[in-house]
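Each remark here refers to the structure printed beneath this line.
Every number here is computed from the coordinates shown, using simple stated rules; none is lab data. Bear in mind the structure is a predicted one, so any value in this text is a computation, not a measurement. Every residue, glycine as well, gets a Cβ built from its backbone with ideal geometry; the counts of neighbours run over all protein chains shown.
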Amino acid sequence: MFRTAILRSARQAARAAPRCQTPIARPVARSPLFQSKQITPTAYFQAVRCYSAHAGLGKDEVLGRIMDLLKNFDKVQDTSKLTADSHFSNDLGLDSLDTVEVVMAIEEEFSIEIPDKEADAIHSVKHAVDYILAQPDAH
Amino acid sequence: MARSGLQRDVLALYRQCMKAVQQKPIENRDNFRSFARSEFRHHLAVSKKDFGTIEYLIRKGRRQLEIYEDPGIRNISNK
């Protein structure tokens with residue numbers, strides 16, 4: 001939330017002053033201490049290095065990557081049942097231990113960390129896609 | 001699916017094991033992964049009401065993880 005708000009204000013500031021720098025700014029390392037002080041766009045711009053724009057993940061791309069990952073997972077035997085709505089245990093025949101491995105593979109694929117509690121709640125392809133789309137850090 | 005605390009402990013331990021696998025040399029990760037898998041699957045038949053056994057196995061698993069986590073251990077035989 002906070003991050004998107006910052007990005008949005010940064011984008012507006014960049015549009016107002018096109019010479020400033022590239023439109024999107026991604027801070028190199030942001031510590032929580034610093035964040036509160038960087039709310040004003042001008043101060044924000046001086047404190048960051050600008051990288052190219054982050055396009056964000058599309059639903060199709062996320063789905064495709066998760067499907068590929070499941071296709072390559074050795075415990076999924078029947079790939080014909082693999083669809084966007086597949087349930088890990090009901091359709092793909094994975095047990096809870098396999099699900100843990102799938103979720104960890106997803107973590108690795110999108111370079112994020114999923115806390116145990118939320119990892120336990122991911123039971124289907126659809127669920128995983130929704131979760132990844134809700135993560136601003138996923139890429 | 002509602003899970004009991006014990007079930008979550010087992011899954012958390014499994015996650016820890018799989019994370020530990022990632023720290024091993026890449027060519028031997030498959031060995032470690034299948035070792036961890038077989039250690040868990042070996043006890044698949046334990047009744048879920050057999051709390052004493054499950055708790056014992058979790059403790060045993062944690063100790064084992066501590067031992068195998070050591071970076072000095074670079075490979076494992078695959079039975």
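Structure notes:
- Residue list for segment B:13-60, restricted to those being closer than 17 Å to A:Leu94 by Cα and without any contact (Cβ under 8 Å) to a residue 12 or more places away in the chain: B:Arg15, B:Arg37, B:Arg41, B:His42, B:Leu44, B:Ala45
- Of the numbered criteria (1) over 17 Å from A:Lys117 (Cα atoms); (2) within 13 Å of chain A (Cβ to nearest Cβ); (3) over 10 Å from the mean Cα position of the chain (by Cα), the one B:Arg8 fails is (1).
- Some residue of segment A:83-105 being within 26 Å of B:His43 (Cβ to Cβ), assigned to a helix (DSSP H, G or I), within 14 Å of another protein chain (Cβ to nearest Cβ) and among the polar types (S, T, N, Q): yes
- Screening segment B:11-47 for residues that are among the charged types (D, E, K, R) and within 15 Å of A:Leu97 (Cα to Cα) and picking the one that is farthest from the other protein chains (Cβ to nearest Cβ) gives B:Glu39.
- Between B:Lys49, B:Lys19, the distinction of being surrounded by 11 or more Cβ atoms within 10 Å (Cβ to Cβ) and not β-branched (Val, Ile, Thr) belongs to B:Lys19 only.
- Among the residues of segment B:19-74, those identified as outside any helix (DSSP H, G or I) and of a type in the set (Asp, Glu) are B:Asp50, B:Asp70.
- The residue of segment A:69-81 that is nearest to the other protein chains (Cβ to nearest Cβ), among those that are of a type outside the set (Gly, Ala, Ser) and without any contact (Cβ under 8 Å) to a residue 24 or more places away in the chain, is A:Asp74.
- Enumeration of residues in segment A:106-123 that are in contact (Cβ under 8 Å) with a residue 24 or more places away in the chain and at the interface with chain B (Cβ under 9 Å from one of its Cβ atoms): A:His123
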